[in-house]
Amino acid sequence: MTRTPPRRPRRGSGGPATTALAAAAVLATLLAGSPGHEFAPAAEESYGRAAPALTASVATDTVVRPVKNGGSADITLSVATTGSAPTEEPVTIAYATEGGSAEPGKDYTPVTGSHTFPAGTASGTTHKVTVRTAKASKPAGAKTIPLELTVTGATAPEENPQVVIDAHGLPYQNAELPVKQRVADLLGRMSPAEKAGQMTQAERNALRAPGDIAAYGLGSLLSGGGSAPTPNTAAAWARMTDAYQLRTRATRFQIPLIYGVDAVHGHNNVVGATIMPHNIGIGAGRDPRSAERTGAITAKEVRATGVPWDFAPCVCVTRDERWGRSYEAFGEDPALVEAMETVIQGMQGSPSGKDLHRNDRVLGSAKHFVGDGGTAYGSSTTGSYTVDQGVTEVTREELEAVHLSPFEESVKRGIGTIMPSYSSLDVLGDGRGPVKTHADAEMINGVLKDRMGFEGFVISDWQAIDQIPGDHASDVRTSVNAGLDMIMVPTAYQDFTKTLKEEVAAGRIGQARIDDAVARILTQKFRLGLFEKPYADTTHLEAVGSAEHRAVAREAVAKSQVLLKNDGAVLPIGTDRKVYVAGSNADDIGNQAGGWTISWQGSSGRTTTGTTILDGMRKAARPPGSVTFSRDASAATDGYDVGVVVVGETPYTEGIGDVGNGHDLELTAADRAAVDKVCAAMKCAVLVVSGRPQLIGDRLGKINALVASWLPGSEGDGVADVLYGRRAFTGQLPVTWPKAEAQLPINVGDADYDPQFPYGWGLTTLEKPPAGGEPVLAALAVAARAAEKAYLGKTPAGRAIVDRARLLVQRKIDGAFTQEVSKPFAEADHLLLTGDLTGAVDRLRAAYRAAR
């Protein structure tokens with residue numbers, strides 16, 4: 001049931017300071033509220049004299065003190081002064097157990113009394129109040145015992161403390177019982193208000209008061225982008241989440257919060273955490289095992305800070321790189337996205353959910369269901385956005401093949417939660433027109449839950465139900481009936497819980513729908529072990545941002561680098577070479593990490609700890625080699641063996657980064673000038689640090705080597721590793737690289753396909769490209785058929801056959817792309833990812849024959 005939060009402590013009426021202050025406050029309130037008065041008088045104007053300032057304050061060591069059935073609880077009261085000087089006057093605290101759900105004399109021994117700290121008491125002096133509870137013989141929910149405080153001579157604490165007799169002896173508390181049985185027992189005991197609370201997620205900064213967690217029985221809190229404690233350290237995060245979790249102890253069944261964050265490329269909210277490459281780079285790496293390892297490291301760091309839930313991974317399929325969220329996708333091909341969903345096992349462990357209780361696992365959230373990567377340019381009606389949150393117009397066949405299939409893979413992998421998209425879905429020929437996904441019962445209930453068999457819970461996006469046409473009651477009714485289980489409100493949680501209860505009471509939302517939603521939420525909380533261990537397990541706190549974790553990120557960065565061009569074998573660079581480095585993104589960790597880093601939008605500069613690309617290069621060079629940096633290439637360019645120009649984008653997130661919303665795909669004038677100057681003076685390699693392809697065709701002839709570096713995160717050493725040959729270039733394009741913006745959208749499989757670089761392109765420095773021609777390709781085709789018969793289609797052995805064919809074909813193409821070359825080349829990579837080795841080699845043979 002909903003409880004009134006503990007009252008604020010009273011100030012006593014006996015002291016002159018308190019009396020004067022109270023009178024001044026009353027007078028100020030009256031005057032400020034009277035017609036013609038636009039100000040409140042200062043306290044010293046009231047009654048003609050100033051009220052003495054209170055220099056002391058009283059505090060308690062906790063606001064909630066849980067105690068086992070029959071145990072005793074100590075509440076420590078302390079007095080402190082400004083500057084830690086002794087108190088100037090006596091401070092008296094009267095206390096009494098009063099109110100609450102526990103019954104005095106039956107559940108506990110009433111306590112009443114007072115304590116005076118005399119004048120001259122040292123700051124920090126304490127007094128202990130003990131509350132003794134009675135041993136109950138029957139199972140019971142938690143009961144509260146507020147301790148009312150009346151303070152004279154000092155400022156009272158903001159909130160009265162309360163002792164809570166823990167719930168005990170109830171079946172749902174028995175960890176030996178099956179989760180399904182525990183859920184049924186708890187659900188059967190809950191009131192409508194408690195169920196509504198579980199379906200509510202609030203942003204932590206939106207809480208009117210911390211006590212509202214218990215008062216409204218909130219099921220979840222989140223930190224939106226940039227919502228962090230002060231200081232923003234891993235340890236502070238753990239303390240913060242514990243403080244919120246403590247509030248749930250004051251609810252009847254002590255249902256723990258499930259705290260969520262957007263840790264979309266490492267624990268990117270926390271300064272000092274390991275920042276992974278964004279998903280677009282992970283897709284370029286084409287290594288499912290690496291994707292899983294990055295997920296595991298992220299989970300370990302997130303869980304160590306007391307956060308058991310990560311709003312990741314994004315399993316969207318980006319179909320138009322003008323979209324400001326392109327870099328959150330693994331790529332444009334659903335087969336590639338599905339291959340990278342090993343990240344889910346890294347985060348959650350076993351698909352059964354049996355590993356979720358571990359201190360190195362988190363609950364994941366596949367997003368955004370469904371079609372968020374397919375929204376048409378110009379279809380968005382959200383502010384100045386052009387693509388994000390727009391309309392995805394597709395045939396049913398395309399919907400199934402492109403946008404739904406990655407979610408089917410997520411469900412097979414046991415994903416715990418799924419988040420719908422802000423966007424609208426318009427399936428051609430179904431007669432419905434565009435439907436907001438948050439209101440789409442056919443997709444959420446019909447496809448996701450019924451057909452795919454999704455057993456987790458559906459969490460809305462931030463304030464997304466407000467975009468459904470209609471008033472607030474209609475939004476709540478429509479979204480919950482469509483299959484949403486928890487609503488990321490995130491601010492008006494009071495209105496939401498009230499409205500939800502009213503809709504259920506009126507019969508507009510069925511009780512069965514509510515029970516299903518709450519059961520799904522409770523199931524994940526039980527699986528996470530939150531009922532047994534609600535607080536942060538800080539075992540791995542010291543590992544956040546550790547060298548071991550950064551090494552995993554560094555490897556992922558190296559794998560993500562795509563070598564698009566390498567005339568004259570400019571790369572790798574010898575460690576003894578003299579290197580001239582320029583460009584806006586060479587020495588900027590904020591730019592190389594991108595959006596969703598420390599803040600929602602991210603920002604340029606040294607926003608977190610890590611290694612810039614320039615830092616990595618300086619560490620890699622060995623005498624007599626050297627690295628000289630001139631951001632704008634204004635320094636003299638004589639005497640260098642090679643130039644490296646690092647250009648690209650500055651951070652953005654979501655629709656803020658849509659092309660046409662203050663962004664384009666062109667390099668800045670400063671970056672273009674740096675490329676022109678350096679590449680005119682020496683052999684040069686250009687690195688593009690960006691969340692999507694940049695238009696560079698007009699300078700391609702001047703550039704010896706071109707690298708797509710994506711958004712590598714905190715470990716610039718990984719970029720230096722491939723530049724200097726410590727690791728080989730092995731990455732491949734996860735999206736098509738267009739010649740011009742007018743070509744967009746352009747994707748593998750399109751009938752008209754003539755890009756700058758095709759999907760799947762990527763030169764390697766691992767080995768020399770294989771020699772031979774058609775006879776070798778014919779032999780590889782035979783090997784591919786044999787591998788398929790041996791069920792090796794999606795194995796490293798099968799991939800090796802096609803990779804060998806791809807490298808041979810790339811050698812012949814040598815950058816001379818035509819539609820007849822690019823189209824079969826790109827399609828071969830898609831077929832490889834589906835396990836069709838024979839088809840992949842056949843398409844590569846077609847590209848080989850078309851190449852000049």
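No value in this document is a laboratory result; all are computed from the given coordinates. Since this is a predicted model, take the numbers as computed values, not measurements. Note: ideal-geometry Cβ built from the backbone for every residue, glycine included; neighbour counts use all protein chains shown.
Distance from the Cα centre of the range 501-555 to that of the range 599-631, in angstrom? Here the two parts' Cα centres lie 37 Å apart.
Return the calculated 222 nm mean residue ellipticity for the chain, to the nearest 500 deg cm²/dmol, obtained by summing -39500 (n - 2.57) across DSSP H runs with n ≥ 4 and dividing by the residue count.
Numbers: 22 runs with 249 residues, N = 852.
Calculated mean residue ellipticity at 222 nm is -9000 deg cm²/dmol.
Over all directions, what mean area does the Cα convex hull of the chain project, stated in square nanometres? Mind showing how you got there, number by number?
Working: hull surface 168.9 nm².
Orientation-averaged projected area of the Cα hull: 42.2 nm².
Counting only DSSP beta bridges whose two residues both lie in the range 183-299, roughly 10 percent are antiparallel. When +1 charges are put on Lys and Arg Cβ atoms and -1 charges on Asp and Glu Cβ atoms, the dipole computed for the chain relative to its Cα centre reaches about 2200 debye.
For a footprinting-style exposure proxy, rank D372, D576, D754 by other Cβ within 10 Å, fewest first. All intermediate terms of the calculation are to be shown ahead of the outcome.
Working: D372 31, D576 12, D754 17.
So the ranking, lowest neighbour count to highest, is D576, D754, D372.
What value does the range 249-378 have for Rg/Rh, both radii from Cα atoms and Rh as Kirkwood defines it? Mind showing how you got there, number by number?
On the way: Rg = 15.4 Å, Rh = 15.2 Å.
Checking Rg against Rh, the ratio lands at 1.02.
For a test of the definition: using alpha carbon positions, the gyration tensor, and the 1.5 limit on a/c, classify the range 538-585 as rounded, prolate or oblate. Cα axes put the range 538-585 in the prolate bin. Annotation note: GluC sites (Glu not before Pro) in the range 725-823 located in DSSP loop regions with a Cβ neighbour count of at most 14 within 10 Å are E767. In a DSSP loop and with at most 16 other Cβ atoms within 10 Å, the trypsin sites (Lys or Arg not before Pro) in the range 399-438 are R432.
When chymotrypsin sites (Phe, Trp or Tyr not before Pro) are flagged only if DSSP places them in a loop and at most 16 other Cβ atoms lie within 10 Å, the longest unflagged stretch of the chain comes out as 40-534.
Ordering L700, L807, L336 from the fewest to the most neighbouring beta carbons within 10 Å gives L700, L807, L336.
Remind me, relative contact order of the chain in percent, using alpha carbon pairs under 8 angstrom and six or more residues apart?
Values: 2073 pairs, mean separation 92.4, N = 852.
Relative contact order for the chain comes out at 11 percent.
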